[in-house]
Amino acid sequence: MAGVRTFVARRLLLGAGQTIAVVLLIFALTEALPGDAAVALAGDQPDPARIAAIREAMHLDRPAYERLTDWATGLLHGDLGTSLTSGRPVTQYIADAFGPTLILAVLTLTLLTPLGFGLGVLAARHEGGPVDRLISSVTLAVYAVPEFALGVLLVTVLALKLAWLPPTAVGYGTDLLAHPAALVLPVLVLLARPVCSLSRLVRAGMVDALAAPYTAHARRYGVPGARVRYTHALPNALAPAVQQLARTVDWLLCGVIVVEALFVIPGLGTVLLNAVAERDVPVVQGLAVVFGVLTVVVNLGADLVAHRLNPRAGVAA
């Protein structure tokens with residue numbers, strides 16, 4: 001029990017340190033961006049007086065450490081800043097765009113978990129056989145296809161040629177659940193590669209676990225095969241798979257820019273692209289902080305779950 005508490009405390013401290021590092025890194029990177037945000041906002045033919053006024057309004061005329069202090073203080077109070085282009089709070093941008101991204105993530109995870117684990121266990125049960133070779137070959141081939149290429153292919157075939165599904169989410173707004181047909185192609189694209197990586201990881205873990213001495217010992221004592229697989233082998237095989245699943249959750253919430261851009265979904269990725277194009281630094285910083293904190297929290301949770309499944313590996317780490 002003391003080892004468990006030490007592990008949890010160590011991971012929590014590490015997560016807090018990572019969050020602070022993320023905040024500092026985001027500010028440093030936005031400071032290092034080339035060009036001048038005030039000049040970009042002033043228009044094609046900027047007037048020096050207008051540039052000076054914008055710099056003053058953006059507090060760009062103040063030292064960097066003062067701006068960092070003010071920004072970090074705002075973050076502690078839940079204030080992510082105000083958009084330079086619209087004057088809206090950054091939290092409002094995130095609140096409006098979080099819904100579509102969350103819908104895509106939840107739908108993808110709902111399908112990913114049973115498919116990924118099920119295919120991995122099925123392949124491991126038939127190790128070296130036709131089923132194993134078929135699953136391994138298909139997952140390897142699908143994983144090699146980039147999301148953008150797969151999305152274009154699905155749109156061309158299923159939307160344009162066969163007209164079974166809408167090619168994009170244009171006109172549906174943020175209420176995507178009211179138009180489920182618009183979600184099919186984005187979810188298929190988001191699902192393809194994670195299913196492949198998760199199933200292959202589960203297969204590898206199950207093969208190792210089924211060949212381990214403790215499973216052989218259980219068989220010698222007459223434990224039924226199903227119980228050996230799902231009670232003894234599967235929990236040990238799931239620990240690395242849970243961490244892979246956490247990375248997938250992180251990617252679904254923070255990195256689906258390509259898919260959202262391809263299918264014109266007004267999610268967090270689209271907001272980030274627009275903010276970068278408009279050089280709206282507070283929105284970029286706010287989204288980066290949200291993405292960074294989500295990454296830390298999701299991976300921290302995955303570490304704790306993996307430790308619960310395989311305590312010996314977690315304490316050793």
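When ALA192, ALA218, ALA163 are checked against the criterion of being over 25 Å from the mean Cα position of the chain (by Cα) and in contact (Cβ under 8 Å) with a residue 12 or more places away in the chain, ALA218 stands alone in meeting it. So how many residues does segment 296-317 have that are in contact with a Lys or Arg (Cβ under 9 Å, 6 or more places away or on another chain) and at pLDDT 80 or above? So the count comes out to 1.
Scanning segment 1-47 for residues that are part of a helix (DSSP H, G or I), modelled with pLDDT under 75 and loosely packed, with under 11 Cβ neighbours inside 10 Å yields ALA2, ARG5.
Going residue by residue through segment 76-88, is there one that turns out to be surrounded by fewer than 16 Cβ atoms within 10 Å (Cβ to Cβ) and either under 16 Å from the mean Cα position of the chain (by Cα) or among the aromatic types (Phe, Trp, Tyr) (or both)? Explain how you work it out, then say what you get.
First, pick out the residues of segment 76-88 that are surrounded by fewer than 16 Cβ atoms within 10 Å (Cβ to Cβ): 76-79, 85-88.
Remaining after also requiring either under 16 Å from the mean Cα position of the chain (by Cα) or among the aromatic types (Phe, Trp, Tyr) (or both): none.
No, every residue in segment 76-88 fails to be surrounded by fewer than 16 Cβ atoms within 10 Å (Cβ to Cβ) and either under 16 Å from the mean Cα position of the chain (by Cα) or among the aromatic types (Phe, Trp, Tyr) (or both).
Screening ALA277 on (1) touching an Asp or Glu at 6+ places or on another chain (Cβ under 9 Å); (2) more than 18 Å from PRO89 (Cβ to Cβ); (3) free of Cβ contacts under 8 Å to residues at least 40 places away in the same chain shows it passes everything except condition (1).
Mind counting the residues in segment 247-268 that are under 10 Å from the mean Cα position of the chain (by Cα) and either in contact (Cβ under 8 Å) with a residue 60 or more places away in the chain or assigned to a helix (DSSP H, G or I) (or both)?
9
For segment 77-107, filtering for residues that are part of a helix (DSSP H, G or I), in contact (Cβ under 8 Å) with a residue 40 or more places away in the chain and either over 29 Å from THR248 (Cα atoms) or among the hydrophobic types (A, V, I, L, M, F, W, C) (or both) leaves 9.
Within segment 184-202, the presence of a residue that is more than 30 Å from THR101 (Cα to Cα) and in a helix (DSSP H, G or I) is excluded.
The values are calculated or read from the model by the stated rules, or taken from the named source; none is laboratory data. This one's a predicted model, so the numbers in the text were calculated from it and none came from an experiment. Neighbour counts are summed over all protein chains in view; Cβ atoms, including those assigned to glycine, are modelled from backbone coordinates with ideal geometry.
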